[in-house]
Ligand SMILES: [Zn+2]
């Protein structure tokens, strides 16, 4: 069954604005009221969408709100980070039904990473009482490099043994549904665009910092990929050429300065006396605060360069380091205002991302849905 571009657009709007009237759909889609009536009737008949409550819209008659039919599809999301792997199942309204996570290091000893991951996944589905045949699409976000044509993982810089993994071929042993694979920063950007704060924003950047750095850049509503699908390697921008060697092989990468483990190493290097930089920060320890200022500045300089290059409207930032060390984010903001071109920062907003530590898994889930809609 093939659906028209307008019908798919309406499904996309319903994904972003769940609970929307036909009149509001006409306003945001540039389609006529008659077209919206016809399209929504077809989508209701095909059980993609359902009618909900009536709301009053001023003096006119009451409007019925439309919703994605939660039962229509089940999505499986897989977020392969440098530190954690997350699995989640959602319904078609993007409500997470089941989720689990485990340490990436638990797969270190496995000779065949793809098979080991599939094994974990099958057990997750069993615990969730979900059959592989009931999954309609799978989205996978990887904190690493992905071959877009071959749909393989080329490399995960922070982990050994994750080179040239034919993940989709392996997963096809157990699943017959479509499987979509992309770099994690890009799937996070799709989550921000579709379900988060960037619904109305065409040019923005998502940056997530935990044990590694991932980022996704959207320009004019399109994901930036570059000629070899290697763009947005924000964590591997050289921030201090005198800093140590990064796991990617280069020296002084931003990721070598500002991830959680690197902040801890720096704290020890500066003879910090508390057990961790977070504990030290909570006690207003000067060494911890000094490290936050220095690293916030490094991140701010790197982001200023990105702002000058791409002139985004918004930067959505997230990760546990900002929750635990808030002064770091303040210094980052201060540095961007100081360093980036003042015309580029006039309308720039720097905000926390929409899903916190769930940004990666929400990205994987929504990536499954947006790709599935595109193929209907
Ligand atoms: Zn690097």
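The values are calculated or read from the model by the stated rules, or taken from the named source; none is laboratory data. Note that the structure is predicted; figures quoted are calculated from it, not measured. Here the Cβ is made from the backbone with ideal geometry for all residues, glycine too, and neighbour counts use every protein chain on show.
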key: Subset of the range 136-145 (residues that are in contact with a helix residue (DSSP H, G or I) (Cβ under 9 Å, 6 or more places away or on another chain) and in a strand (DSSP E or B))   = 137, 138, 139, 140, 141, 142
query = How about the range 202-315: which helices (runs of 4 or more DSSP H) wholly inside it have at least 2 residues that are within 28 Å of residue 161 (Cβ to Cβ) and within 16 Å of the ligand (Cβ to nearest atom)?
reply = 255-258, 260-269
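For (1) surrounded by fewer than 16 Cβ atoms within 10 Å (Cβ to Cβ); (2) in contact with a helix residue (DSSP H, G or I) (Cβ under 6 Å, 6 or more places away or on another chain); (3) farther than 19 Å from residue 180 by Cβ; (4) at pLDDT 95 or above, each residue gets a yes or a no:
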residue	(1), (2), (3), (4)
32	yes, no, yes, no
39	no, yes, yes, yes
44	yes, no, yes, yes
60	yes, no, yes, no
64	yes, no, yes, no
67	no, no, yes, yes
79	no, yes, no, yes
90	no, yes, no, yes
ask   = Any residue at all in the range 113-129 that is within 26 Å of residue 210 (Cα to Cα) and outside any helix (DSSP H, G or I)?
value = no
request  = Could you tell me whether residue 276 is on the phi > 0 side of the Ramachandran plot and surrounded by 15 or more Cβ atoms within 10 Å (Cβ to Cβ)?
outcome  = no
inquiry  = I need the full set of residues from the range 326-376 which are over 18 Å from the mean Cα position of the chain (by Cα), under 19 Å from residue 217 (Cβ atoms) and not in a helix (DSSP H, G or I), in order please.
reply    = 340, 341, 347, 348, 349
request  = Inspect all residues belonging to the range 58-78 and state whether any of them is under 20 Å from residue 369 (Cα atoms), in a helix (DSSP H, G or I) and in contact with a strand residue (DSSP E or B) (Cβ under 7 Å, 6 or more places away or on another chain).
outcome  = no
